[in-house]
Amino acid sequence: MQYVLKAKNLEKKYKDFKAIGHLNINVEKGAIYGLIGKNGAGKTTLIRLVCGLQSPTSGTYSIYGIENTSNEILETRKRIGAIIESPSIYLDMTARENMEEQYLVLGVPSYKNSASNSSQNSYGSSIYYDSIDELLNFVGLENTGKKKAKNFSLGMKQRLGIAISLAGNPDFLMLDEPINGLDPQGIVEIRELILKLNKEKKITVLISSHYLDELSKIATHYGFMDNGQIIKEISAEELNKLCKKRIEIKVSDEKECVKYLEEEHISYEVVDKNIIHIFENINISKLSLQLAKINCEIIEIHEKDESLENYYINLLGGKSNE
């Protein structure tokens, strides 16, 4: 399995304040990784470290297998596009002028008026966009003409920021709170754009956010962060199973209970000794009577239906997300 980003015991201190402490993270290639944490958890600091805007106090991280201490890390970072805190755009420029300025910064002035002569970027991946017009069209800003960015909606500014972050053709995109402050329509547009980038352009995306319900619609993996540490990493598939509506029973004889569930073709999962999750609507009284016939007693029974937000709060020991 290939990882775009891995960190081991990563730490960042500011005098006596520890923003990141012994953090471990594993972002798989092709994932949409939801980095979830309340304000001050260390999400932005982590992104700044990976982008090279700050240096870690201790610990290491790697991008596509290249350690941050390697001389090759500067070249590898070219594979990253990022928006940190807010999009870096010139408000008195049009969308096209902003893109032209970014390509000049990157040293690719040939993009200004036409397609690049190169079919590949410096790390061997195919170019995603042949021109500024194609890139603006991809993010839904093809008809903005001479309209200045200062007159854009917040959602349009965010999409322009994403376009700018894609100018160097990265295959790893890091977005810090990309839907913060957006109206419902803007949130939908950003969500669809992220999915499009991931599915069509095969870009791995890391999104830091505390909009848990929105993240649950797109993330393939999650990292739950608190006090500068990743306290839990889990795939969306695993999380959906945990949050799926189910009945939890504790029985006196696990083997006999499983045997009965198998015979009746009832969907279940053994989660611990004598604790079983049942994923179907069943008649509890009937189940209890049938198990009693085979000398298996139901000791405890609970109905479980957990949201992503509840899962996160319980992970933190009941503390609020704010």
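The values are calculated or read from the model by the stated rules, or taken from the named source; none is laboratory data. Every value quoted in this text rests on a predicted model; they were computed, and no experiment measured them. Ideal geometry is used to build each Cβ from the backbone, glycine not excepted, and the neighbour counts take in all protein chains shown.
Worth pointing out:
- Within the set 190, 179, the sole residue that is farther than 18 Å from residue 80 by Cβ and in a loop (DSSP other than H, G, I, E, B) turns out to be 179.
- Qualifying residue in segment 292-309 (condition: part of a strand (DSSP E or B), among the basic types (Lys, Arg), surrounded by fewer than 16 Cβ atoms within 10 Å (Cβ to Cβ) and out of contact with any His (no Cβ under 7 Å at 6 or more places or on another chain)): yes
- If you check 275, 266 for being without any contact (Cβ under 8 Å) to a residue 24 or more places away in the chain and either over 30 Å from residue 183 (Cβ atoms) or not polar (S, T, N, Q) (or both), only one passes: 266.
- Annotation note: Cβ proximity below 8 Å between a residue of segment 180-204 that is touching a residue at least 24 places away in the same chain (Cβ under 8 Å) and a residue that is of a type in the set (Asp, Glu) and assigned to a helix (DSSP H, G or I) (sequence gap 6+ or interchain) occurs for 187/214; 191/214.
- So residue 126, is it farther than 30 Å from residue 223 by Cα, of a type in the set (Gly, Ala, Ser) and modelled with pLDDT under 95: no
- Residue in segment 217-231 that is of a type in the set (Gly, Ala, Ser) and at positive phi present: yes
- Residue, nearest to residue 169 (Cα to Cα), within segment 92-123, restricted to residues that are surrounded by 18 or more Cβ atoms within 10 Å (Cβ to Cβ) and modelled with pLDDT under 60: 121
- Qualifying residue in segment 208-217 (condition: farther than 21 Å from residue 44 by Cβ, surrounded by fewer than 21 Cβ atoms within 10 Å (Cβ to Cβ) and touching a strand residue (DSSP E or B) at 6+ places or on another chain (Cβ under 6 Å)): no
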